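Undergrad: I'd like to ask you about the structure that follows.
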Amino acid sequence: MGFLAAARAFTVRRGPPDVSAPGRAGGGWKDALFEHGTAAATWLVLFLLIGIAASMAWGGRLAFQTFGFDFLTSAEWDPVAGNFGALVPIYGTLVTSVIALIIAVPVSIGIALFLTDIAPQWMRGPIGVAVELLAAIPSIIYGMWGLFVFAPFLAEHVEPWLNETIGTWPLIGPLFSGPPIGIGMLPAGIVLGVMIIPFIAAVARDVFNAVPSGIREAAIALGATRWEMLSRVTLPYTRSAIVGAIFLGLGRALGETMAVTFVIGNSHELSPSLLMPGNSIAAAIANEFTEADTELYRSSLIALAFLLFVITFIILSIAKLMLRRMERLSGKTQ
Amino acid sequence: MNTVLLRRRIIDILTLVFAMAATAFGLFWLVWILFTTFVQGLQALNLDLFTEMTPPPGGEGGLLNAFYGSAMMILLAVLIGTPIGIAAGTYLAEHGRNTKLASTVRFINDILLSAPSIVIGLFVYELAVRTIGHFSGYAGALALAIILIPIIVRTSEESLRLVPNQMREAGFALGLPRWKLTSQIIYKSAMSGLVTGILLGLARISGETAPLLFTALNNQFWNPDLSGPMANVPVVIFQYAMSPYDSWHALAWAGALVLTVFVLTLGLLVRFLARKRSSR
């Protein structure tokens with residue numbers, strides 16, 4: 001549909017072969033204007049990215065200068081005393097994103113498998129659209145629903161149960177024990193997981209469809225079952241693209257703001273329990289930036305944004321590079 | 001039946017069940033979220049929503065100023081973002097298709113598409129709020145435009161590339177200069193794709209909240225002036241939902257319903273247009 005343009009951007013580019021050779025002479029100054037004008041707009045896109053990175057680095061310089069490397073390792077976040085450390089938001093961002101991936105990756109691959117192999121033809125379109133609609137819902141709606149519906153549901157039905165069962169296990173027990181309040185890192189991770197499902201599923205479906213039918217038919221002719229086809233033909237063939245899709249989902253999860261802000265609880269306490277409130281980089285900025293009353297406070301939040309931007313840039317670049325191979329393959333087969 | 005065959009068959013069935021369960025799981029959330037939004041939103045929906053201003057804490061009112069502010073900022077963002085996006089898309093698809101700049105920008109653009117929108121909000125804060133000294137609707141529109149541009153670049157490049165090369169060759173054969181060819185022939189034949197891209201971008205920026213938090217901020221009162229802080233639907237929903245007042249919660253749900261219906265309608269329209277195009 002296109003809400004997944006961001007996902008599609010990472011997969012297949014179709015188009016005719018090149019005709020970018022310059023037009024015949026005689027266009028005169030209008031041609032030059034047109035060409036340079038469009039080139040200027042293209043440069044602008046490039047400068048946008050550089051500008052964002054540079055302005056975040058510049059805005060955060062006070063925090064980086066004041067705290068140095070401690071900014072990354074300190075868990076203290078005390079606006080009154082003017083001490084800021086990014087460990088809690090960084091930890092929360094990573095933990096919620098990992099929870100999101102644990103949920104979204106298997107589900108997305110299941111959906112892609114369903115849409116390419118299992119569902120009858122007439123069902124593929126509507127179900128595909130429905131899954132894509134998940135990406136169309138604005139993140140603020142996810143957040144409201146998370147706060148008013150999902151969090152109370154978790155607090156009442158799921159978290160007490162988690163406390164009694166997994167919460168008592170050794171090793172991973174502490175992760176799942178805590179007050180059942182429904183607000184915290186686990187709920188934020190689950191909501192994030194739902195939000196990134198359509199992105200991973202859309203890419204996975206596209207790359208599954210790009211597997212040459214010859215090798216699929218060969219596997220079927222050898223008597224492969226669905227599982228054998230998926231695990232020995234489809235997944236190995238599309239491995240790098242699937243990893244790319246996962247990184248794309250991760251990139252989205254890391255930067256998602258509103259949905260997380262509603263349900264994570266905005267607490268700067270480091271807690272081993274996933275049921276306890278935490279914070280993420282984006283949520284901390286959204287919650288605190290307008291209240292930041294000192295230059296150092298503001299600078300610390302911008303420094304957080306700089307970290308977030310650098311991390312997502314790296315993750316999304318990896319995603320793009322991993323998907324490039326698939327792009328070439330499907331470009332060749334068409 | 002021998003055991004190996006039996007095991008393979010069981011695993012096969014488990015795979016089938018897993019794929020169906022995964023799909024049901026995905027759809028389950030969609031239904032749950034939409035159901036909640038509709039039930040809560042319809043309860044709170046009334047005519048005041050479109051005729052009254054946002055109320056003080058705990059009071060009754062509507063979202064007129066927020067709708068107006070959102071509409072103005074989105075309109076301005078589209079006016080800024082569309083020409084720039086289409087121009088860059090034109091460069092990528094036509095003039096500079098194989099240049100180093102084009103391949104770099106394609107890469108960068110795809111990353112900007114997924115970049116965290118809160119960072120873009122902070123960027124515009126640094127650029128247009130801190131320098132001027134106060135929050136403004138213009139800053140909000142600028143932030144939305146920056147989010148819109150990569151979407152338009154991407155969709156316009158794709159739809160321009162779908163124009164058959166024979167079209168360009170025919171144009172050159174007639175002796176058309178390049179600018180005339182592009183603006184009068186290529187754009188025309190790619191029109192539905194370009195429009196789809198704009199609608200898509202419109203749907204995306206309508207729901208954006210994070211970039212408006214520190215740019216347009218919010219405003220309880222009617223303010224037609226874009227140079228001051230401006231109310232807008234997503235930020236009002238955020239603020240009201242986080243508040244302790246029931247009447248504000250109800251308004252937030254009503255706003256959420258209107259926003260969701262608007263965005264989903266646009267989304268389905270885009271889908272419909274895209275299908276019509278591909279079947280032609």
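Undergrad: Can you tell me which residue within segment A:148-157, out of those that are touching a residue at least 24 places away in the same chain (Cβ under 8 Å) and either surrounded by fewer than 21 Cβ atoms within 10 Å (Cβ to Cβ) or in contact with an Asp or Glu (Cβ under 8 Å, 6 or more places away or on another chain) (or both), is nearest to B:TRP32 (Cα to Cα)? So that I can check it myself, show each step before the final result.
TA: Of all residues in segment A:148-157, those touching a residue at least 24 places away in the same chain (Cβ under 8 Å) come to A:150-156.
Of the ones still in play, those that are also either surrounded by fewer than 21 Cβ atoms within 10 Å (Cβ to Cβ) or in contact with an Asp or Glu (Cβ under 8 Å, 6 or more places away or on another chain) (or both) are A:152-153, A:155-156.
Details: A:PRO152: 14, A:PHE153: 12, A:ALA155: 17, A:GLU156: 17 Å.
So, considering only residues that are touching a residue at least 24 places away in the same chain (Cβ under 8 Å) and either surrounded by fewer than 21 Cβ atoms within 10 Å (Cβ to Cβ) or in contact with an Asp or Glu (Cβ under 8 Å, 6 or more places away or on another chain) (or both), the one nearest to B:TRP32 (Cα to Cα) is A:PHE153.
Undergrad: Still on this model: Given the residues A:ILE264, A:ILE302, A:ILE285, which is the only one that is more than 8 Å from chain B (Cβ to nearest Cβ) and either among the aliphatic types (A, V, I, L, M) or surrounded by 24 or more Cβ atoms within 10 Å (Cβ to Cβ) (or both)?
TA: Values: A:ILE302 fails: more than 8 Å from chain B (Cβ to nearest Cβ); A:ILE285 fails: more than 8 Å from chain B (Cβ to nearest Cβ).
Sole residue among the options that is more than 8 Å from chain B (Cβ to nearest Cβ) and either among the aliphatic types (A, V, I, L, M) or surrounded by 24 or more Cβ atoms within 10 Å (Cβ to Cβ) (or both): A:ILE264.
Undergrad: Looking at segment B:162-181, which of the residues that are assigned to a helix (DSSP H, G or I), at the interface with another protein chain (Cβ under 8 Å from one of its Cβ atoms) and among the hydrophobic types (A, V, I, L, M, F, W, C) is surrounded by the fewest Cβ atoms within 10 Å (Cβ to Cβ)?
TA: Keep residues of segment B:162-181 that are assigned to a helix (DSSP H, G or I), which gives B:165-173, B:178-181.
After this cut, where a residue has to be at the interface with another protein chain (Cβ under 8 Å from one of its Cβ atoms) as well, the list is B:165, B:168-169, B:172, B:178-181.
Now drop any that are not among the hydrophobic types (A, V, I, L, M, F, W, C), which leaves B:172, B:179, B:181.
Values: B:PHE172: 16, B:TRP179: 21, B:LEU181: 24.
Top of the filtered list is B:PHE172.
Undergrad: Does segment B:40-50 hold any residues that are under 18 Å from B:ASN218 (Cα atoms) and open to solvent by 70 Å² or more (accessible area, probe 1.4 Å), and which are they? Break it down into steps so the answer makes sense when it comes.
TA: Here is the first cut: in segment B:40-50, the residues under 18 Å from B:ASN218 (Cα atoms) are B:49-50.
Scanning segment B:40-50 gives a single hit, B:PHE50.
Undergrad: Return yes or no: is B:ILE13 surrounded by fewer than 16 Cβ atoms within 10 Å (Cβ to Cβ) and out of contact with any strand residue (DSSP E or B) (no Cβ under 9 Å at 6 or more places or on another chain)? Break it down stepwise before answering.
TA: Values: surrounded by fewer than 16 Cβ atoms within 10 Å (Cβ to Cβ): yes; out of contact with any strand residue (DSSP E or B) (no Cβ under 9 Å at 6 or more places or on another chain): yes.
In short, yes.
Undergrad: Another question about this same structure. Quick one: in segment A:92-128, which of the residues that are among the polar types (S, T, N, Q) and open to solvent by less than 30 Å² (accessible area, probe 1.4 Å) is nearest to the other protein chains (Cβ to nearest Cβ)?
TA: Taking segment A:92-128 first, the residues among the polar types (S, T, N, Q) are A:93, A:96-97, A:108, A:116, A:121.
Narrowing the set further to residues that are open to solvent by less than 30 Å² (accessible area, probe 1.4 Å) leaves A:93, A:96-97, A:108, A:116.
Working: A:THR93: 10, A:THR96: 14, A:SER97: 12, A:SER108: 8, A:THR116: 10 Å.
Residue satisfying both the conditions and the ranking: A:SER108.
Undergrad: Only one of B:ALA210, B:ALA231 is of a type in the set (A, V, I, L, M) and at the interface with chain A (Cβ under 7 Å from one of its Cβ atoms); which? Steps first, answer last, please.
TA: Values: B:ALA231 fails: at the interface with chain A (Cβ under 7 Å from one of its Cβ atoms).
After ruling out the rest, the residue left standing is B:ALA210.
Undergrad: Looking for whichever is facing chain A (nearest Cβ under 7 Å) and either among the polar types (S, T, N, Q) or assigned to a helix (DSSP H, G or I) (or both) here; the options are B:LEU79, B:LEU42, B:LEU122, B:LEU49. Which one fits?
TA: On the way: B:LEU79 fails: facing chain A (nearest Cβ under 7 Å); B:LEU42 fails: facing chain A (nearest Cβ under 7 Å); B:LEU49 fails: facing chain A (nearest Cβ under 7 Å).
Matching residue, one of B:LEU79, B:LEU42, B:LEU122, B:LEU49: B:LEU122.
Undergrad: Do we have A:ILE183 as crowded, with 23+ Cβ neighbours inside 10 Å, within 29 Å of A:VAL88 (Cα to Cα) and touching a residue at least 60 places away in the same chain (Cβ under 8 Å) here?
TA: Details: crowded, with 23+ Cβ neighbours inside 10 Å: yes; within 29 Å of A:VAL88 (Cα to Cα): yes; touching a residue at least 60 places away in the same chain (Cβ under 8 Å): yes.
Considered against the rule, which asks whether it is crowded, with 23+ Cβ neighbours inside 10 Å, within 29 Å of A:VAL88 (Cα to Cα) and touching a residue at least 60 places away in the same chain (Cβ under 8 Å), A:ILE183 comes out as yes.
Undergrad: Follow-up. Among the listed residues B:LEU113, B:LEU142, B:LEU127, identify the single one that is assigned to a helix (DSSP H, G or I) and more than 11 Å from chain A (Cβ to nearest Cβ). Reasoning before the result, please.
TA: Values: B:LEU113 fails: more than 11 Å from chain A (Cβ to nearest Cβ); B:LEU127 fails: more than 11 Å from chain A (Cβ to nearest Cβ).
Just one listed residue meets the conditions, B:LEU142.
Undergrad: May I ask you to list the residues in segment B:229-245 that are assigned to a loop (DSSP other than H, G, I, E, B) and surrounded by 24 or more Cβ atoms within 10 Å (Cβ to Cβ)?
TA: Of all residues in segment B:229-245, those assigned to a loop (DSSP other than H, G, I, E, B) come to B:229-232, B:242-245.
Selection gives B:MET230, B:ALA231, B:ASN232.
Undergrad: Let me ask something additional. Go through (1) farther than 28 Å from B:ARG271 by Cβ; (2) among the aliphatic types (A, V, I, L, M); (3) open to solvent by less than 10 Å² (accessible area, probe 1.4 Å); (4) at the interface with another protein chain (Cβ under 10 Å from one of its Cβ atoms) one by one and return the number of the condition B:LEU217 breaks.
TA: Just one mismatch for B:LEU217, condition (3).
Undergrad: Any chance you could count how many residues in segment A:161-176 are closer than 16 Å to A:VAL95 by Cβ and either in contact with a Ser or Thr (Cβ under 7 Å, 6 or more places away or on another chain) or among the aromatic types (Phe, Trp, Tyr) (or both)?
TA: Matching residues across segment A:161-176 total 3.
Residue-wise test of (1) touching a strand residue (DSSP E or B) at 6+ places or on another chain (Cβ under 6 Å); (2) surrounded by fewer than 18 Cβ atoms within 10 Å (Cβ to Cβ); (3) over 27 Å from B:THR209 (Cβ atoms).
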| position | (1), (2), (3) |
| --- | --- |
| A:ILE137 | no, no, no |
| A:ILE140 | no, no, no |
| A:GLY146 | no, no, no |
| A:GLU159 | no, no, yes |
| A:LEU162 | no, no, yes |
| A:GLY167 | no, no, yes |
| A:ILE172 | no, yes, yes |
| A:PHE176 | no, no, yes |
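Undergrad: For B:ALA88, all conditions in the list (1) open to solvent by 60 Å² or more (accessible area, probe 1.4 Å); (2) at pLDDT 95 or above hold save one; what is the number of the exception?
TA: (1)
Undergrad: Please give the number of the condition B:LEU226 fails out of (1) modelled with pLDDT of 90 or more; (2) in a loop (DSSP other than H, G, I, E, B).
TA: Against the list (1) modelled with pLDDT of 90 or more; (2) in a loop (DSSP other than H, G, I, E, B), B:LEU226 comes up short only on (1).
Undergrad: Next question. Hey, among A:THR257, A:THR238, which residue is within 10 Å of another protein chain (Cβ to nearest Cβ) and crowded, with 23+ Cβ neighbours inside 10 Å? Even if it seems obvious, please write down each step before you answer.
TA: Values: A:THR238 fails: within 10 Å of another protein chain (Cβ to nearest Cβ).
Going through A:THR257, A:THR238 in turn, just one is within 10 Å of another protein chain (Cβ to nearest Cβ) and crowded, with 23+ Cβ neighbours inside 10 Å: A:THR257.
Undergrad: Then there's this: Could you list all residues from segment B:76-114 that are closer than 14 Å to B:GLY201 by Cα, aliphatic (A, V, I, L, M) and without any contact (Cβ under 8 Å) to a residue 12 or more places away in the chain?
TA: Listed by number, the list holds a single entry, B:LEU79.
Undergrad: For segment B:116-128, how many residues are surrounded by fewer than 24 Cβ atoms within 10 Å (Cβ to Cβ) and either hydrophobic (A, V, I, L, M, F, W, C) or modelled with pLDDT of 95 or more (or both)? Please lay out each step first, then the result.
TA: Of all residues in segment B:116-128, those surrounded by fewer than 24 Cβ atoms within 10 Å (Cβ to Cβ) come to B:126-128.
Then drop every residue that is not either hydrophobic (A, V, I, L, M, F, W, C) or modelled with pLDDT of 95 or more (or both), which leaves B:127-128.
Going through segment B:116-128 one residue at a time, the tally reaches 2.
Undergrad: If you don't mind, another one. Residues B:PHE135, B:PHE172: which one is aromatic (Phe, Trp, Tyr) and free of Cβ contacts under 8 Å to residues at least 24 places away in the same chain?
TA: Details: B:PHE135 fails: free of Cβ contacts under 8 Å to residues at least 24 places away in the same chain.
The conditions single out B:PHE172.
Undergrad: Which residues, counting only those in segment A:48-74, are open to solvent by less than 40 Å² (accessible area, probe 1.4 Å), among the aliphatic types (A, V, I, L, M) and farther than 28 Å from B:PHE107 by Cβ?
TA: A:ALA63
Undergrad: Before we move on, is B:PHE67 open to solvent by 20 Å² or more (accessible area, probe 1.4 Å) and either of a type in the set (Gly, Ala, Ser) or within 14 Å of chain A (Cβ to nearest Cβ) (or both)? Show your work before the answer.
TA: Details: open to solvent by 20 Å² or more (accessible area, probe 1.4 Å): yes; either of a type in the set (Gly, Ala, Ser) or within 14 Å of chain A (Cβ to nearest Cβ) (or both): no.
Judged against the criteria, B:PHE67 is not a match.
Undergrad: Tell me, please, whether a residue that is free of Cβ contacts under 8 Å to residues at least 40 places away in the same chain and either surrounded by fewer than 17 Cβ atoms within 10 Å (Cβ to Cβ) or hydrophobic (A, V, I, L, M, F, W, C) (or both) can be found in segment B:146-161.
TA: no
Undergrad: Residue check: is A:VAL207 within 30 Å of B:ILE10 (Cβ to Cβ), assigned to a loop (DSSP other than H, G, I, E, B), away from chain B (no Cβ under 12 Å) and open to solvent by less than 30 Å² (accessible area, probe 1.4 Å)? Before you say what the answer is, go through the steps one by one.
TA: Details: within 30 Å of B:ILE10 (Cβ to Cβ): yes; assigned to a loop (DSSP other than H, G, I, E, B): no; away from chain B (no Cβ under 12 Å): yes; open to solvent by less than 30 Å² (accessible area, probe 1.4 Å): yes.
Considered against the rule, which asks whether it is within 30 Å of B:ILE10 (Cβ to Cβ), assigned to a loop (DSSP other than H, G, I, E, B), away from chain B (no Cβ under 12 Å) and open to solvent by less than 30 Å² (accessible area, probe 1.4 Å), A:VAL207 comes out as no.
The values are calculated or read from the model by the stated rules, or taken from the named source; none is laboratory data. Note that the coordinates shown come from a computational prediction; the quantities given were computed from them, not determined experimentally. Quick reminder, even Gly has a Cβ in these numbers, built from the backbone with ideal geometry, and neighbours come from all protein chains shown. What goes into the accessible areas is simple: the full protein's heavy atoms, side chains included, and nothing from ligands, DNA or RNA. Shrake-Rupley method; radii C 1.70, N 1.55, O 1.52, S 1.80 Å.
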